[in-house]
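Right, one structure below, let's go through it.
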Amino acid sequence: MVKVDMPNDSNTKFEIQKWLKKYSIAHTPFQSKDDLLFLVSENKKNVIDQERAAYKEKKLQEQAQKEKDALKAATAAAKSSYKSSSSSSNSSSSTSSATSTRSLVSPFKKIQIVNGKVLSASSISVAAFDDSSSVATTSSLTVPLKIINKPRNKLNLIDRIENNTLHVFISSTFKDMIGERDHLIKVVFPAINLRCKAKNLTIVPVDLRWGLTKEETTVKGQIELCLKQMDKCPIMISVVGERFGWIPNEYKLSSNDSADPVTQYLSSLPLGESITSIETRYGLSCHKTKHSVALFRDSSSLATTPQIQDHFGEKVEESKTKLVAFKEHIKSDAHCTVLDGYPCKYIGVDKQTQQHCVGNLQAFGDFVINQMMDIIELEFPNPIELLNAAQQEEKHHSLYQTNKAQYYWGREAFQKKLLDHIHNNKSVSLDKIAIVYGEPGCGKSSSLSNLVTKLEALNTPKTYLVLSHYVGCSGESTNVPNILERFSTKICKQLKINHEIPTNLEMLRTEFPKILQKASKLVKNIVIVIDDLDELSTQNQSHQMEWLPDTTDLPSNCFVLTSCDQNKTCWDYLHLRTKIPHTFYLSPLEMTDRSIITTHTLDRYSKRLEPKQLDRLVAKTHAKFPLYIQLVCEELRVIGNYDKLNSIIQKIPDTIDQLIVSILLRLEDDFGRDLIKKTLCFIALSRYGLLESELLDLLREKGTPLSFVQWAPLLIAISPLLRNGFNTSKSITFFHAQVAKVIIQKYLPTEKSVIVAHTQLADYYQNQCHGTVDGSSKKWNGTLLKPFVELPYHLTCAKRFDWLANLFQDLIFVETKFKLKLGRDLLENMLLAITETQSPTLSGERWTGLNFSSSNLVQDIYNFVQYQAHNIERYPLVVAQQAYNLPDDSVCHSVADRHLWQTKAPHFKWLNKPQLSDFVIASLAGHEDFVRCALYREDGNMIASCSDDRSIRIWSGETGALVRVFPKLHTDKITNLQWRGNNNLVTVSRDKRVVLWDEYGKVLHEFNGHSQAVWGVAVSGDGRRIASASWDMTCIVWDIASKQIAFTLTGHTNKLSAVAYSPDSRLIATGCWSGIVIIWDAVTGKQLQSTKVSDTTILYLMFSPDEMLLSASCVDSFTHILARRNNWSKEIAKLEGHKEAVISSRWSADGKFIVSCSDDKTVRVFDCADWSQASVMTGHSGRIISAAFHPNSSKRRIITAATDKFIKIWDPKLGYSVTQAHQGHRKGVSTLQYDHENDILYSLSDDHTIRSWTDFQRNDLLVPGNTYENINWKKFKLLDPQIFGSLSLAFAIVSNVGTVLQYCMDKKTMIKRLPDTVKCTAFTITDNDSLFAVADPEGVVYVYDVATFEEVYRNRHGFVVNELAFSPCSTYLAASDGKGTITILKSGGLADKTYHQCAYLTLEPMSAITSIKWSGDSSSSSSSSSEIDTRYMAVGTVDGSIHIFDVKRSFYVHRVTTNVHAFGIRSMAFSPSSKYLFTASLDKTAILWNVETMTIVSVFPLFSIATSNILFFKDIQNVPTVILSDYTGKIHHLKLIGVNE
């Protein structure tokens, strides 16, 4: 009797906590005493069970110890005998002939192959199992091995396996076969899998490790479940010793389903068979679907150890007799090959199981390997084709369709309606898109699956092209890109259409209608079926249905059938389309259909109801739904007592919800409430279902997994509720959403209970992310995608925002999400968490353990990741570096600093970085042509944009994510747009139309009246009128309520290009090409004032928020300000700064600032207090057409649109003081040169200056020195002053005309130059300033002496030489011809300066060479050139490839790296030790490589600009230093931290 002292009210809070801690019951120090006592009462039963288990374990240990002591002597003697035998065997083995064997190295067991057969390398030298002989002998074992071979037929297993996995069932008694089972699992099957890799096949042994005991067989269906496990296995290995095994008293069945093969077999089997006999006999009876192999243990092998005979042999004579008969039955089977009498040795007690064990099983293992490989060669003569992701997805959909269609009976009238929609839809008024809807459980999925099955059966060549997609049948099926890519791929493959299929959603949306148009010409009808739209992922705004082509974009013979619930998001958006979809209501079942479906469903189980019973059943309230009938039939089929059937039917609940609850109560009775609750709740709360392994891990108790004895019957019991039934190779999820809904209502009725369950799932997925079960590792090194998707989701559902805050600060987690292509998912996770934490109605557990203000921290990280997302997607490892590059006082920099210090990861410290973050916050891409306008909605939550591509796009104002795309109604370029409140949008176009839309893309009205293109549009402040300005020299004012013209403003004599309404709706301003502004009375249409503002076109007009000022943007590069106080007749200010036409100028909401944009590609902000320039921003690569402030003045955001097709969002940094000087030139830097001796950096720029920066290593920021102006050079090199005596500075340069000369900077005079006839296309100079080389346009390479300009070498190398590079010490000169070949010239030595060709290299693959660099050059070291050792030559190409050649191995190709840099390599530099290579590309990234492995060490991305030059050397403190210059003229000073140079 176990006694447990339970705490009560008399105990202190500390005593209760101590008790809870003892039994590992979760609690917190902050819980009250009453809450702790509640935990005590809730866990009382668990604690008693723990104590009982501990007591039982103690007793078992005591008993085991006694057995150990009793068998100690026998075990020692047996081991001694075994060792001596092994020694003898090994010595005999070593004498075998070396010429007749070959070794295979395996991580599992060393084996030998003799005459093509696998044998052990140890004692058994069996002369190969010869198929012609049934007896083989061994030299070390005297027992002959008798093999009874049987013929095998090919069973076409290739059609039955899933995921290239072949299951093998192992059948044997248990406690006497531990050695054999271990040998199979640990040695034999790993060796088989090693050999099967070439077949792309995985062998999985099914070793249940259980012999069913008397207690276990009292649970219904245990033997049945075991046999069902065998059905998954097309191969059976039966191992028989001298024990017959446990004989159950009865074969209990879980149901009386006579149609089930397992039930039929067990029903016909007489009592008296053991579990092993039942398994083996069943396997042998399935010879048409299963291969069988049997092995009998040699009875004499254990004769020398009589003390353990009771363990390995039978005591009961009856069992011995049955064992003999059992063996004879196996031998007599026509298809089972038998090894009769394999040898073994007793080796003692197994440490894990504490059971007696045998060893020396080489012959046993070899036989299994040979038989398995024979079967595999028979069934899989050729390697199996691996299913790619697309093929696996197709398989999921096919299986789901088959499963759903087989349950469809009756309802022929409804099927006819669907077919008529396809065949007879000739009416213009009817939409080609149709929606099937109905109440939950009405059979929408089955109806569509049945329709697709029928169409596929009726299909003849070029009659139907059926494209079906079942949302939710797999994890990827919920993603819209997956749908469009599947359909596009299937069309192109089936109809042999040559069309490139993109993977990007935006491109798929564009290309899919084009592919449909091509397919429509090749087939009679195209039918698209998409089931269960409501289950689509929320990513990419899928529920807004913009991805589904509009009716106008579909071919005339293409029809779409979908299913979704009424009044859900998908339904609403489809009904907002110009043409409303056709709808088909799936009405409840009629009585006749109910009876048909019930009868057919029960027929599958060989069941039938009496007419009265059937009538009573179908009269139930919810029998009108197929879901109800399916659930009821599943319940009825397990009833074994027919006499009670009437009363059971009477008690069946009337509704689906009640029926599901009754099923749950039955399951609780069978398996216990706790297990059922946990199992079903985990499945219900999962988004996309759980894998079997995931669910079993979640159901672990104190680290102990759920045993097969518990799991198998549980899975069978709940399988009727699951989508895939008993098949656990797919996700375990409920077949209908209603099931999950009822389970959550029953078991998780409160918010707190839901939070607890989600927290458990979050705990599990976090451990999965770390690649552990117990969370012992925190490295985020899990390889599975799903845990990283599910973890933030479940944390958000559990309201664990403290946990989420820490998660989002973990840069390794952020990096891993991007590595797994989950960057956009991470942004959605962050935004959802921020939204939840800022919600005033947030309930539940809020930010426990972390201050609520941490939401601001997450906001900062979100802004950083959002801005850098497109860059991090390319290089995930750049997360920490980019965050570290931010200003030192930023949150992200602090997080990155801590991360880099903890991880000791290599990184760059940017010494002269700007202490002000970038202006650009986000870039929005998607338009295919010039973006004409982008504006925030009045509440700032949405952004609208229009483009020359005729599209209108709506974006999220918070995330920048695309929300929807309007139908392309306009037939020409859309020139402008304006919001009308928060719900409507007005667009104008060159097609002369003005269109009013709602926010969802539904056209409210088209206003037609202009005779030429419309360029300007304005909406009155009260939203009642629209003004449009046209090239027809008129401005029409439209009344929205009447949809008529209120009046037309005429008075301009040139084309109108701009119009504006005053905020009080009392004034209208119009502007034209003549530079004239006219002010009108907006009520009467009377002209009030005409003012000549400019001699050039007025492009944009806007009144200030207080209506006192008017801004006019003009082609003359100014923004002109007019004032009401001067009656709009006089300019009071002219905003200067832009160099080209100002295309638009807009006021901030508070009227304090004006933002303007220009053809000069800049955005400028002016302070209205004194009209001074407050900010200048660059970032667009094209003309900027539109610029506007965020409507919330506190945010100070600016949005711009440009001809580069991008929309950008900016922080103009208004109010910040920028004290840091400009670090560099005003234009791109073409050459950098560092003087180590004097610590001076020189830079040559396209702004025609050379600047010196003094005390370079002693300062973080660049300190300007001398500036040399009017320098029209491309490249220069600082020469050694000693060559020219007293002259302190001399340069060798290449001028723009291609002439090389020497120049004295002090005197500003030229010393020497090459003749003008030598036109230079490439130039280089040696590190010791002794020689320089040039190449001319004819491909001739010249080498000259620097001091005398004497020619020392001349030869032609190719048609064009575009790159030249001397190696250190001038030993080699590399010349590339620009096509992918390099000529290596070698000097004759110090005395002989001439060069001869020593190597000719051709790149593989060939690509134009853009850069050549030698290791150990002067830019990489401060040492003298004579001390430099050249090891590598690096070559960069136009396609971004890097080729490394080993100089010391005669230019052997050391490494080639491709597909990393997106564009051509611009510059390269080796580190001083040649261990690292730094490469810069036109893709705006600089990458640090480990030269030996060519793996990425770190990345320093500037991203907005491309790097032009790199210097790499060690500073005075021996720290690796890098200097970068870019094409904007900036120079960046970096220190490389965390590397071993």
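Extension gain, Lys146 to Lys13, is 40.6 nm, computed as 0.36 nm per intervening residue step minus the present C-alpha separation.
Counting only protein heavy atoms, what percent of the accessible surface of the chain is carbon or sulfur at a 1.4 Å probe? Of all accessible area on the chain, carbon and sulfur atoms account for 50 percent. For the range 931-1025, the dipole from Cβ point charges (+1 on Lys and Arg, -1 on Asp and Glu) about the Cα centre works out to 280 debye, to the nearest 20. For Lys524 and Ile497, a Förster radius of 25 Å and the Cβ-Cβ distance give a FRET efficiency of 0.95, rounded to the nearest 0.05.
Of the residues Lys228, Lys3, Lys1530, the one with the largest accessible area comes first in the ranking Lys3, Lys1530, Lys228, computed with a 1.4 Å probe on protein heavy atoms.
Once divided by 2.2 N^0.38 Å, the Cα radius of gyration of the chain becomes 1.14. Residues whose amide H comes within less than 5 Å of that of Val1352, counting only those at least five positions distant or on another chain, are Val1343, Tyr1344, Asp1345 (H built at 1.01 Å from N in the peptide plane). FRET efficiency for the Cys1398 to Asp1316 pair, using the beta carbon distance and R₀ = 35 Å, is estimated at 0.60.
Sum -39500 (n - 2.57) across every DSSP H segment of at least 4 residues in the chain, then divide by the residue count to get the 222 nm mean residue ellipticity, nearest 500. Rounded to the nearest 500, the figure is -9000 deg cm²/dmol. Ignoring aspartates and glutamates fewer than eight residues from Lys150 along the same chain, the ones with Cα atoms less than 14 angstrom from its Cα are Asp130, Asp131, Asp333, Asp340, Asp374. In the context of the full protein assembly, Arg673 retains an accessible surface of approximately 110 Å², using a probe radius of 1.4 Å and ignoring ligands and nucleic acids.
Around Tyr862, under 11 Å between beta carbons, what's the net of Lys plus Arg minus Asp minus Glu among the other residues? Residues near Tyr862 contribute -3 overall.
Each label was represented as a point 7 Å from its Cα along the Cα-to-Cβ direction; for Ser707 and Thr489 these points are 4.4 nm apart. For the range 874-1014, the ratio of Cα radius of gyration to the globular rule of thumb 2.2 N^0.38 Å stands at 1.48. Report note on the peptides 1059-1070, 482-493: ranked by the mean count of other C-beta atoms within 10 Å, highest first, their order is 1059-1070, 482-493.
For the peptides 1135-1144, 1461-1470, residues were scored by their other Cβ atoms within 10 Å and the scores averaged per peptide; the highest-first order is 1461-1470, 1135-1144.
Label positions at Arg666 and Lys462, each projected 7 Å from the Cα along the C-beta direction, are separated by 5.5 nm. Per-residue packing, averaged as other Cβ atoms within 10 Å, sorts the ranges 974-981, 881-888 into the order 974-981, 881-888, beginning with the highest.
Largest first, the residues Ile161, Ile330 sort by 1.4 Å accessible area into Ile161, Ile330. Local charge for His736 was computed over the other residues whose Cβ lies under 14 Å away, with Lys and Arg +1 and Asp and Glu -1, and equals -4. 3J(HN,Hα) along the range 1131-1145: 6, 9, 7, 9, 7, 10, x, 6, 9, 9, 3, 8, 8, 8, 9 Hz, from the Karplus curve 6.51 cos²θ - 1.76 cosθ + 1.60 with θ = phi - 60°, whole Hz, x for Gly and Pro. What does the charge count around Lys1319 come to, taking other residues whose C-beta lies under 10 Å from its C-beta (Lys +1, Arg +1, Asp -1, Glu -1)? Neighbourhood net charge equals -3. On a per residue basis, the chain carries 43 Å² of accessible surface, using protein heavy atoms and a 1.4 Å probe.
Listed by chain and number, the aspartates and glutamates placed with their C-alpha closer than 17 angstrom to that of Lys678 are Glu42, Glu668, Asp669, Asp670, Glu692, Glu694, Asp697, Glu701, Glu751, Asp763; residues fewer than eight positions away on the same chain are left out.
With the simple model of a label 7 Å out from the Cα in the direction of the Cβ, Ala53 to Asn1054 spans 8.9 nm.
Here the calculated FRET efficiency for Leu1301 and Gln1517, from their Cβ-Cβ distance with R0 = 30 Å, stands at 0.20, rounded to the nearest 0.05. Bridges between two residues of the chain, per DSSP, are antiparallel at a rate of about 85%.
The angle between the Cα long axis of helix 823-837 and the main principal axis of the chain comes to about 90°, on a 0 to 90 degree scale. Extension gain, Asp1345 to Asn1127: 0.36 nm times the residue separation minus the Cα-Cα distance gives 70.8 nm. Accessible area per residue was computed with a 1.4 Å probe on protein heavy atoms; Ile1132 scores about 60 Å². On the principal axes of its alpha carbon atoms, the range 519-583 extends 35, 22, 20 Å, with the longest extent given first.
Sorted largest first by accessible area at a 1.4 angstrom probe radius, with every protein chain in place, the residues His311, His329 fall in the order His329, His311. For Thr538, the solvent-accessible surface computed with a 1.4 Å probe is close to 100 Å², ligands and nucleic acids excluded.
The values are calculated or read from the model by the stated rules, or taken from the named source; none is laboratory data. It should be emphasised that the depicted structure is a prediction, and the values quoted were computed from it without experimental measurement. Note that we place each Cβ from the backbone using ideal geometry, even for glycine, and neighbour counts take in every protein chain shown. To get the accessible areas, we keep the full protein, side chains included, count just its heavy atoms, and leave off ligands, DNA and RNA. Shrake-Rupley method; radii C 1.70, N 1.55, O 1.52, S 1.80 Å.
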